[in-house]
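Have a look at the structure below, then the notes.
The values are calculated or read from the model by the stated rules, or taken from the named source; none is laboratory data. Only a predicted model underlies this, so the values are computations on that prediction, with no experimental measurement involved. Note that we place each Cβ from the backbone using ideal geometry, even for glycine, and neighbour counts take in every protein chain shown.
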Amino acid sequence: MIAKVLVLYYSSYGHIERMAEAVAEGIRVAGAEAVIKRVPELVPEEVARKSNYKLDQKAPIATIAELPDYDAIIIGVPTRFGNMPAQMKNFLDQAGGLWAQGKLVGKAGGMFTSSATQHGGQESTILSAHVVLLHLGMVVVGLPYTFQGQMGITEITGGSPYGASTITGGDGARQPSENELAGAHFQGRHIAEIAARLRRD
């Protein structure tokens, strides 16, 4: 049986949604099944509309109960003051029962993110989220330097050994670049391949 990988994300303005699609494309290239789902919005709809949140996202809402059904979970979030947003933290905080039963132990896990500025807390967001994955017993997988796109210095770009990322600009007008999408694609493929190996073991 092929590995089944969940791309679980939260996206206010669509940047992480686009990165999630690239991650899923990489998962499929690895021969695994990719499922894209998002976590519930906590902001009242009226406030979200006034803030121009992207409310037409097609991904269905995930549930905590389904998480053990996957061989790997790759989480995508925007940065909020160098940490994950409340929407994702609220969702993961409901996984206490899975933690107590060890339901996610040994599964591959990874992170990707976005921030408004080049040094806007991308690495701290991913690293702090890794702590949650480790508490759940997951095998944390990053974005290795075999993805050469993170070695370049000729353009402003996201990406680190901790995970793929994109820079949105202060007004959110900048969309993920070709290099940033390539990093997300690489990370999706890489984690799917590791998930497949873990299944065999």
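Got at least one residue in the range 1-15 being at pLDDT 95 or above, closer than 22 Å to residue 109 by Cβ and aromatic (Phe, Trp, Tyr)?
yes
Inside the range 9-38, can you point out the residues that are more than 21 Å from residue 195 (Cβ to Cβ) and in contact with a helix residue (DSSP H, G or I) (Cβ under 7 Å, 6 or more places away or on another chain)?
10, 11, listed by residue number.
Quick one: which of 137, 76 is of a type outside the set (A, V, I, L, M) and within 19 Å of residue 198 (Cα to Cα)? Quick ask: steps written out before the conclusion?
Values: 76 fails: within 19 Å of residue 198 (Cα to Cα).
That would be 137, the only listed residue that is of a type outside the set (A, V, I, L, M) and within 19 Å of residue 198 (Cα to Cα).
Between 25, 21, 41, 17, which is free of Cβ contacts under 8 Å to residues at least 40 places away in the same chain and either outside any helix (DSSP H, G or I) or farther than 20 Å from residue 99 by Cβ (or both)?
Working: 25 fails: free of Cβ contacts under 8 Å to residues at least 40 places away in the same chain; 41 fails: free of Cβ contacts under 8 Å to residues at least 40 places away in the same chain; 17 fails: free of Cβ contacts under 8 Å to residues at least 40 places away in the same chain.
On inspection, the qualifying residue turns out to be 21.
Can you name the residue in the range 141-176 that is assigned to a loop (DSSP other than H, G, I, E, B) and touching a Gly at 6+ places or on another chain (Cβ under 6 Å) and, of all such residues, is surrounded by the most Cβ atoms within 10 Å (Cβ to Cβ)? Steps first, please.
Here is the first cut: in the range 141-176, the residues assigned to a loop (DSSP other than H, G, I, E, B) are 141-147, 152-159, 161-162, 164, 168-176.
Of the ones still in play, those that are also touching a Gly at 6+ places or on another chain (Cβ under 6 Å) are 141-143, 147, 159, 161-162, 164.
Working: 141: 22, 142: 20, 143: 25, 147: 21, 159: 26, 161: 12, 162: 21, 164: 36.
For the range 141-176, the residue satisfying everything is 164.
Determine the pairs where a residue that is on the phi > 0 side of the Ramachandran plot, located within the range 47-73, has a partner that is assigned to a loop (DSSP other than H, G, I, E, B) with Cβ atoms under 8 Å apart, the partner being 6 or more residues away or on another chain.
Close Cβ pairs (under 8 Å, with a partner that is assigned to a loop (DSSP other than H, G, I, E, B)) amount to 52/13.
Among the helices (runs of 4 or more DSSP H) contained in the range 45-117, which hold 2 or more residues that are basic (Lys, Arg)?
Values: elements: 45-50, 86-92, 96-101.
Qualifying helices (runs of 4 or more DSSP H): 45-50.
Residue by residue through the range 109-128, note down the ones that are within 15 Å of residue 183 (Cα to Cα) and touching a Leu at 6+ places or on another chain (Cβ under 9 Å).
From the range 109-128, those within 15 Å of residue 183 (Cα to Cα) are 110-114, 122-123, 126; that's our starting set.
110, 111, 112 - these are the residues of the range 109-128 that are within 15 Å of residue 183 (Cα to Cα) and touching a Leu at 6+ places or on another chain (Cβ under 9 Å).
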